[in-house]
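Trainee: Okay, here's the structure, questions in a sec.
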Amino acid sequence: MTRPTPQQVHAIAEASGLPVDKEVATRIADSIGPAFDNFAAVAGTLPFDLEPASYVLAQTLKVGR
């Protein structure tokens with residue numbers, strides 16, 4: 001995962017139905033960029049059980065016991 005560019009932020013916002021102008025997209029990219037930089041060292045190394053799509057299944061199994 002790499003730091004998102006303002007153009008990517010703008011495109012994602014448009015696709016989600018919450019369009020933003022270029023200045024706002026730049027501010028968003030600048031504010032979330034450091035988080036992407038910090039996680040770059042571990043990107044792709046987390047175990048699959050930490051993958052968010054399986055969270056609901058894991059929680060359901062725990063509640064059912």
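Trainee: R0 = 25 Å: FRET efficiency of Leu57 with Leu18, Cβ-based, nearest 0.05?
Mentor: E(calc), rounded to 0.05, equals 0.30.
Trainee: For a quick check: with amide H placed at 1.01 Å from N, whose amide H comes under 5 Å from Val20's, ignoring anything fewer than 5 positions away on the same chain?
Mentor: Glu14
Trainee: Under the Karplus relation 6.51 cos²θ - 1.76 cosθ + 1.60, θ = phi - 60°, what is the ordered set of whole-Hz ³J(HN,Hα) values for region 27-32, x standing for Gly and Pro?
Mentor: 5, 5, 4, 5, 7, 9
Trainee: Can you pull the three principal axis extents for the Cα set of region 5-47, in Å, largest first?
Mentor: Each principal axis gives a Cα extent; for region 5-47 these are 35, 18, 12 Å.
Readers should treat all values here as calculations from the given coordinates under stated rules, not as data from a laboratory. Remember, it's a predicted structure, so these values are computed and weren't measured experimentally. Neighbour counts run over all protein chains shown; Cβ positions are idealised from the backbone, glycine included.
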